[in-house]
Amino acid sequence: MHDPCIEYDNMHKAIENIPENVALIPDGNRRWARNHRMTLLSGYSLGVKKAIDFGIWLKGLGVKTFTVWALSTENLNNRNRTELNVLYRLYVKTARDKKVLDLLAKNGARVKVIGNMALLPRNVSRALKSLESRTKRYKDFTINLLIAYSGKEDILHAAKALVYNAVRERQRRITEALLNSRLRTAAIPEPDLIIRTSGELRLSGFMPWQSSYSELYFTKKYWPDFSKSDLNRAISEFSRRKRRYGG
């Protein structure tokens, strides 16, 4: 009997260049739900489950860090309250799900929550911070969860911190390293590969400071349909590229 998982394992063994840091913009959950005549909750639930699976697939390939954009500040401003409440309930449920916690423990996966948490309802931020705390001892794999995050807001946040320090400490010399240290995303390594689903050919403000030399991979598939084979194709494409850093 044909086993797609065995095929996947055999294929990825042949890949020579595995990225250390992979980032994801998991787009298309709402459109997938509409096309399948399913509820928004069903679409987002499948999307969240797929994101967890995706992280485990990456770890199996030897990737060290996975960064996923869960919710942007633009989403907070432009999505209706009903839709946001669906997402909030789902994030709280997932953060407290014993099966999810056990899976993270089994894979030594640490979750870091990054973003402007003040913009989230208190129960959501508490649940996510609890998830972060319960996984902080794991060292094998890191999952960075960007929520209430915007690239422009991240840079503005850093700039405000620099101005404050300049006035308070009379600090005049501002370097790239100093600005980087003030970003909310300062602890995230620069992504080697950024994957975006749903056919959108842009980053929409995703980690602009760190993505200058990231390789980009776009697919027309909606996020809930993204498979192990799709990931293998993305990693294989990355492996074939010749990365240049201004040369």
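What follows is calculated from the coordinates using simple rules that are stated; it is not laboratory data. These numbers were taken from a predicted model, which means no experiment stands behind them. Quick reminder, even Gly has a Cβ in these numbers, built from the backbone with ideal geometry, and neighbours come from all protein chains shown.
Between segment 230-247 and segment 128-169, the C-alpha centres lie 28 angstrom from each other. In this Cβ point-charge picture (+1 for Lys and Arg, -1 for Asp and Glu), the chain has a dipole of about 820 debye about its Cα centre. Measuring nothing but how far apart in sequence close Cα pairs (under 8 Å, 6+ apart) lie, relative to its length, the chain scores a relative contact order of 28 percent. For the pair segment 19-64 / segment 212-227, the C-alpha centres are spaced 10 Å from each other. Modelled spin labels at A166 and N77, positioned 7 Å past Cα toward Cβ, are 2.4 nm from each other. Amide H contacts for D27 (H built 1.01 Å from N in the peptide plane; partners 5 or more residues away or on another chain; cut-off under 5 Å): T197, W223. Counting only residues at least eight positions apart within a chain, or on another chain, the lysines with an alpha carbon under 17 Å from that of K49 are K59, K93, K98, K99, K106, K221, K228.
Listed values for segment 88-93 are Karplus-derived 3J(HN,Hα) couplings in whole Hz (6.51 cos²θ - 1.76 cosθ + 1.60, θ = phi - 60°), namely 4, 4, 5, 5, 5, 4, and x replaces Gly and Pro.
Three principal axis extents describe the C-alpha atoms of the chain; from largest down they are 70, 48, 36 Å. Using θ = phi - 60° in the Karplus curve 6.51 cos²θ - 1.76 cosθ + 1.60, the 3J(HN,Hα) couplings for segment 53-61 round to 4, 4, x, 5, 4, 4, 4, x, 7 Hz; x is entered for Gly and Pro. One decimal place: the segment R240-K221 gains 4.7 nm when fully extended, by the rule 0.36 nm per residue minus the C-alpha distance.
Cα to Cα, under 17 Å, and not fewer than 8 places away if on the same chain: which aspartates and glutamates meet these conditions relative to K139? Straight-distance partners of K139: E20, D102. Per-residue ellipticity at 222 nm computed for the chain from its helices equals -15500 deg cm²/dmol, with DSSP H segments shorter than 4 residues left out and the rest contributing -39,500 (n - 2.57).
Annotation: amide H of S72 within the under-5 Å range of A148, Y149, sequence separation 5 or more or interchain, hydrogens built in the peptide plane.
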